[in-house]
1. Could you figure out which of (1) of a type outside the set (Asp, Glu); (2) surrounded by fewer than 16 Cβ atoms within 10 Å (Cβ to Cβ); (3) under 25 Å from residue 108 (Cβ atoms) isn't true of residue 33?
2. Report yes if residue 91 is in contact (Cβ under 8 Å) with a residue 60 or more places away in the chain and assigned to a loop (DSSP other than H, G, I, E, B), otherwise no.
3. Please enumerate the residues belonging to the stretch 43-61 that are assigned to a helix (DSSP H, G or I) and either within 18 Å of residue 88 (Cα to Cα) or touching a Gly at 6+ places or on another chain (Cβ under 8 Å) (or both).
4. Would you be able to tell me the number of residues in the stretch 37-91 that are charged (D, E, K, R) and farther than 26 Å from residue 143 by Cα?
5. Would it be correct to say that residue 132 is within 27 Å of residue 83 (Cβ to Cβ), touching a Ser or Thr at 6+ places or on another chain (Cβ under 7 Å) and at pLDDT 75 or above?
6. Against the definition (surrounded by 15 or more Cβ atoms within 10 Å (Cβ to Cβ), closer than 20 Å to residue 20 by Cβ and of a type in the set (Gly, Ala, Ser)), how does residue 128 come out, yes or no?
7. Condition first: touching a Gly at 6+ places or on another chain (Cβ under 7 Å) and under 14 Å from residue 7 (Cβ atoms). Now tell me which residues in the stretch 21-42 satisfy that.
Amino acid sequence: MSRRRVLEEAVRFVDREGLEALTMRKLGAELGVEAMSLYNHIPNKGALLDGMVEVLLGELEIPARSRDWEVRIREGYRAFRRLAHEHPNVFPLLVNRPPVTMDGVWLVEEVLQTLREAGFGREEALHAFRSLSSYTFGYAMAEIRGFALEPDGSRLGARRLSPEEFPNLYELGSQLERVDHDAEFEFGLDLLLSGLRDRLQGNLRGRQRP
């Protein structure tokens, strides 16, 4: 028994049963011990949840720094989205339990350092980090929880709508019934990265002016 084993088992349990089902008693049963034994490794339920976030972020792989900044950022946020697909029941913990361990701090530092080395200013790098993170987290959450603000074409029957009253929904028709989430995510990520690229090029041109 170790702290790491407890945390990894908690992630596996929630992956299978859902976060609402997690209790110290049930987790202890999974590990073959009494719930009280867990407190030798995890002080309370809050610390358990924080540790599960730590496990998730520990799985996140960021390409080596020697790669182009756009490639590194793109691959890093693709990996972040994959966490939602691999751990859809655990991923929502990141909403209200920001990382409190060095794993989380290291990841933030890596992204900021990559942006700074690319040529972004201190505040620009922070804004870029938050924009990219918010987009990726929001899109991933929408994938695993549903796109609440978008009509469901399969139930709405967009083709049965009046083309005069709802011309755009009518034209989309079958597209509302099936979504290529990979393509849509890449579309949004492209928009953010192209905007950052343009801003960076503008900054560099400004520095070159006499």
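1. Every condition holds for residue 33 apart from (3).
2. The answer is no for residue 91.
3. The answer is 48, 49, 50, 51, 52, 53, 54, 55, 56, 57, 58.
4. Within the stretch 37-91, residues that are charged (D, E, K, R) and farther than 26 Å from residue 143 by Cα number 4.
5. For residue 132, the condition - within 27 Å of residue 83 (Cβ to Cβ), touching a Ser or Thr at 6+ places or on another chain (Cβ under 7 Å) and at pLDDT 75 or above - is not met.
6. For residue 128, the condition - surrounded by 15 or more Cβ atoms within 10 Å (Cβ to Cβ), closer than 20 Å to residue 20 by Cβ and of a type in the set (Gly, Ala, Ser) - is not met.
7. Scanning the stretch 21-42 gives 38, 42.
Condition check ((1) assigned to a loop (DSSP other than H, G, I, E, B); (2) within 28 Å of residue 199 (Cα to Cα); (3) not aliphatic (A, V, I, L, M)) across all residues:
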{"site": "77", "(1), (2), (3)": "no, yes, yes"}
{"site": "84", "(1), (2), (3)": "no, no, no"}
{"site": "113", "(1), (2), (3)": "no, yes, yes"}
{"site": "117", "(1), (2), (3)": "no, yes, yes"}
{"site": "123", "(1), (2), (3)": "no, yes, yes"}
{"site": "128", "(1), (2), (3)": "no, yes, no"}
{"site": "132", "(1), (2), (3)": "no, yes, no"}
{"site": "144", "(1), (2), (3)": "no, no, no"}
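The values are calculated or read from the model by the stated rules, or taken from the named source; none is laboratory data. Computed from a predicted model, the values in this text were never measured in an experiment. Neighbour counts run over all protein chains shown; Cβ positions are idealised from the backbone, glycine included.
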